[in-house]
Amino acid sequence: MCNNFTVCAYKLAAIFEAANLTDDVPEPFGMPALDSAIASMREKAITDGTQITLRSVTNQMYLSAADGGGSTVAANAGEAKDWETFRLWKMENSDYMFKIRVIKDQFMGLNDNAELVAVTKSPAQSGIFQIIRNKDNIDQIKIKASSNGKLLQVMPDGSVKANGESGGSWSNSDPTIFTIHIDKNKQMDGDRQLCSFYGAEQAIKILQVFAWWITRDSGPPSCHPPNYPGYQAVLDRAFDWADKYNLRVIIDLHAAPGSQNGQAHGGSRDGTVRWGDAKINETVQVIKALADRYASRKAYWQLNFSMNHGHHKLD
């Protein structure tokens, strides 16, 4: 038994390193592969959690959610601040289909007059939009609403409606064209974003040991709960290795359901914090499930709930 924590940590790291020299862990493995995957994703930029601003090429105004959300979205802001900053939710199995979230957490959609609004906080009731990039200038885009197949376009009064026809030019006189700015300094690069970008099957290979999120094992791999890639097996394997090398395992629930800090390592999809009183029962269920699964294992030492880097403003 290893009694010194530092030595134990070193030995466990050595086990992971040694695993790379065997057939136990498929390639790609380790930090070089992970770093390369993240770099490639950042270069492409648009994925889950990407923060953007949109500026009309015709009236040179930014799209702005009135009052930060709960009403219309219009091209009427002279500068980009919080109300003009939107977060993307990438749709699974589609490169350029997104839900668009405003600062107060409403999602964009269309009202009965095909006008762009942000009124619902339910992802299930959100509109879905296709981002079409100009091949000759990737900073220019058109946005197609899935609900009616029309392009968003800025009307003379600054309102935005989904009534534009597909095709046409990329001239600065076209009201369906927007300039997109991506805030790469706030780009999230957790495994949720990697899974969304690469797809579930490839994400499993990239994140063989860096397997942070555990949900259920049944069902096909998916980039969103409850069928997130089967990382439970990775933690099982860690216990097997610890048994083999006579080590002890501390399970650390590093992220709480809903995300306690709005960061990638806190499980957030787009930078929002959703852990709070409403999530306590779910959090207890997660802790209990882990204890039930591993408390009888020889290598089990303790189960921590660290709430890493908790946000000071929780709902």
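Just checking, how many residues over the stretch 104-128 are under 16 Å from the mean Cα position of the chain (by Cα) and either in a strand (DSSP E or B) or under 16 Å from Leu54 (Cβ atoms) (or both)?
Total satisfying the criteria: 1.
For the stretch 46-57, what are the residues that are buried (at least 19 other Cβ atoms within 10 Å of the Cβ) and either among the acidic types (Asp, Glu) or over 14 Å from Ile182 (Cα atoms) (or both)?
Matches in the stretch 46-57: Asp48, Ser56.
Starting from residues that are assigned to a strand (DSSP E or B) and at pLDDT 95 or above, keep the ones in the stretch 46-68 and report whichever is farthest from Gln193 (Cα to Cα).
Among those residues, the one meeting the criterion is Ser56.
Inside the stretch 135-187, can you point out the residues that are closer than 14 Å to Tyr96 by Cβ, part of a strand (DSSP E or B) and modelled with pLDDT under 95?
If the condition is that a residue be closer than 14 Å to Tyr96 by Cβ, part of a strand (DSSP E or B) and modelled with pLDDT under 95, then Ile138, Ile182 are the ones that fit.
Are any of the residues in the stretch 269-277 exposed (fewer than 12 other Cβ atoms within 10 Å of the Cβ) and at negative phi?
yes
Within the stretch 244-253, can one find any residue that is assigned to a loop (DSSP other than H, G, I, E, B), surrounded by 16 or more Cβ atoms within 10 Å (Cβ to Cβ), of a type outside the set (A, V, I, L, M) and at pLDDT below 80?
First, the residues of the stretch 244-253 that are assigned to a loop (DSSP other than H, G, I, E, B): 245-248, 253.
Still in the list and also surrounded by 16 or more Cβ atoms within 10 Å (Cβ to Cβ): 247-248, 253.
Next, only the ones that are of a type outside the set (A, V, I, L, M) stay: 248.
Then keep just the ones that are at pLDDT below 80; that gives none.
No, the stretch 244-253 contains no residue that is assigned to a loop (DSSP other than H, G, I, E, B), surrounded by 16 or more Cβ atoms within 10 Å (Cβ to Cβ), of a type outside the set (A, V, I, L, M) and at pLDDT below 80.
Within the stretch 245-266, count every residue that is touching a helix residue (DSSP H, G or I) at 6+ places or on another chain (Cβ under 8 Å) and more than 17 Å from Asp277 (Cα to Cα).
Residues that pass the stated criteria total 8.
Go through (1) over 15 Å from Leu63 (Cβ atoms); (2) surrounded by fewer than 20 Cβ atoms within 10 Å (Cβ to Cβ) one by one and return the number of the condition Trp89 breaks.
Trp89 satisfies every listed condition except (2).
Six or more apart or on different chains, Cβ under 6 Å: which pairs go from a residue in the stretch 56-74 that's in contact (Cβ under 8 Å) with a residue 60 or more places away in the chain to one that's among the hydrophobic types (A, V, I, L, M, F, W, C) and assigned to a helix (DSSP H, G or I)? Could you list them?
Thr72/Ala66
Cβ-Cβ under 8 Å, sequence separation 6+ or interchain: first residue in the stretch 113-124 and of a type in the set (A, V, I, L, M, F, W, C), partner exposed (fewer than 15 other Cβ atoms within 10 Å of the Cβ) and not in a loop (DSSP other than H, G, I, E, B). Which pairs?
Val117/Ser71; Ala118/Ser71; Val119/Ser71
Scan the stretch 69-98 residue by residue and report those that are in a strand (DSSP E or B), in contact with a Ser or Thr (Cβ under 9 Å, 6 or more places away or on another chain) and among the polar types (S, T, N, Q).
Thr72, Asn76
For residues that are under 20 Å from Leu110 (Cα atoms) and exposed (fewer than 11 other Cβ atoms within 10 Å of the Cβ), tally how many sit in the stretch 156-187.
Matching residues across the stretch 156-187 total 3.
Going by the conditions given, is Gly78 modelled with pLDDT of 70 or more, surrounded by fewer than 16 Cβ atoms within 10 Å (Cβ to Cβ), under 21 Å from Ile141 (Cβ atoms) and not charged (D, E, K, R)? Walk me through how you get there before you give the answer.
Details: modelled with pLDDT of 70 or more: yes; surrounded by fewer than 16 Cβ atoms within 10 Å (Cβ to Cβ): yes; under 21 Å from Ile141 (Cβ atoms): yes; not charged (D, E, K, R): yes.
Criteria met by Gly78.
The values are calculated or read from the model by the stated rules, or taken from the named source; none is laboratory data. It should be emphasised that the depicted structure is a prediction, and the values quoted were computed from it without experimental measurement. Cβ coordinates were reconstructed from backbone atoms using ideal geometry, including for glycine residues, and neighbour counts include every protein chain displayed.
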